[in-house]
Amino acid sequence: MNNNEIWVFLSHSNRDFEKVRRVRDMLENQHMRPLMFFLNCLKDDEEIDSLIKREIDCRTRFILCDSNEARNSKWVQKEVEYIKSKDRILEIIDLDWKDDKILKKLNDFKRKATIFFSYGRNNCNIAETVYKRLKKFDFLLFFDKFELTEAPFSETMLNELNNAQENGTIIAFVCNSEWKKYEITKALEYDKQNDCKTIIPIITESGFIQKNQEDEILKELCSYHPLDVSSLDISTQCDVIVNHVLKQLLTPGAILAYANNFNEGINCKVDKKNAENLYSLYFQMADKASDEGSDTALRTLGICYEMGWGTPVDLKQALYCFRDSIAISKSDEERVILKIRGQWNYKTNSPICRRKSDFSLVDIYNHIKLLCNKYLLNK
């Protein structure tokens, strides 16, 4: 496996230190990097709150170490509430569980962070391009070209394939190679036995399905809804495949976190192109979900229009989304109205303070109108 680091934010009570350390050790044994916070040096509640929220904003995977102490801790409950509001991957571990049950839960958690590449000679270039793109994310990846350095190759491949089946996902570039068919057959057998789907099938050859309609393996893979990118150029193929994989393995909130991290260079090099691609993906997912009737997605769509994530900034469209959403936060509407009026300080991310003498009759009228709207919404 590659040496990518899988960072995991542990939400826990300080009073559970010894029990949480046990979970931390298990995660480290599985090549993950748990984050534990003991902020005794900070006394200001606002400073602690701000620091924790900033850390959550740039993380994608979380585990709640649940216990009576955690349930009675205001900080743990605030963390969990904030993590859920950001739509991140959150697993719950009961600290009273026995080790074998905790390990099983951690294996399930690790599944969406482990990827095995199955490809033939004809798919080598596109498979390698996708591999290099996914290396920028915190996944554990197996790509034989870089991982197999000494014999026995076939034994190592099967071991890694079995590991991916039990603990992860297989990106299968479907082809007529007998060895690759064997890999996919093994994966299909595992899925049947365990009632799961660990395969993401990709088709890059034009007319491949039509040419191989009688192929029993391909017939089985059809239930996985293979992604056909055969009509696209290799650059576009890579974008589409990476987005397809990310949508299946990450939550929209985690995709947004990666976009912000790439955009600002948090724990990585600044990568504006990758950030723009992820913002576009986030916008597309929100747009689709809002069309399907998700009210939360409608608010998310409003934020995309407000921030220019995957779409040009359109404050009026953002306002329409916020007003149409049942999940509206009053602060969303007020913030966008201030931005439309030019009364928002983007550097401090707060309203521009104005002296009483600066307010015109129009300002006063608009303020009264806003108060009336608030009253009608609350009525």
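Couple of notes before you dig in:
- Count of residues meeting criterion [of a type in the set (G, A, S) and either surrounded by 16 or more Cβ atoms within 10 Å (Cβ to Cβ) or under 21 Å from T198 (Cβ atoms) (or both)] in segment 217-245: 1
- Restricted to segment 264-290, and to residues there that are among the aliphatic types (A, V, I, L, M) and out of contact with any helix residue (DSSP H, G or I) (no Cβ under 6 Å at 6 or more places or on another chain), the residue that is surrounded by the most Cβ atoms within 10 Å (Cβ to Cβ) is I266.
- Only one entry of E205, E214 meets the criterion of being crowded, with 16+ Cβ neighbours inside 10 Å and either acidic (D, E) or free of Cβ contacts under 8 Å to residues at least 60 places away in the same chain (or both), and that entry is E205.
- Looking only at segment 50-83, and only at residues there that are buried (at least 20 other Cβ atoms within 10 Å of the Cβ) and acidic (D, E), the one that is farthest from the chain's Cα centre (by Cα): D66
- Answer residue from segment 144-168, given it is more than 19 Å from K181 (Cβ to Cβ) and crowded, with 20+ Cβ neighbours inside 10 Å and is modelled with the highest pLDDT among those: G168
- For V245: the one exception among (1) more than 29 Å from F173 (Cβ to Cβ); (2) touching a residue at least 24 places away in the same chain (Cβ under 8 Å): (1)
- Residues of segment 320-334 that are more than 21 Å from R88 (Cα to Cα) and surrounded by fewer than 20 Cβ atoms within 10 Å (Cβ to Cβ): Y320, R323, D324, I326, K330, S331, E334.
- Residues that are surrounded by fewer than 14 Cβ atoms within 10 Å (Cβ to Cβ) and farther than 28 Å from D239 by Cβ within segment 104-129 comprise K104, D108, listed in sequence order.
- Check on Y182, farther than 19 Å from V240 by Cα and of a type in the set (F, W, Y): yes
The values are calculated or read from the model by the stated rules, or taken from the named source; none is laboratory data. This is a predicted model, so every value here is computed, not measured. A quick note on method: Cβ atoms are made from the backbone with ideal geometry, for glycine too, and the neighbour counts reach across all protein chains shown.
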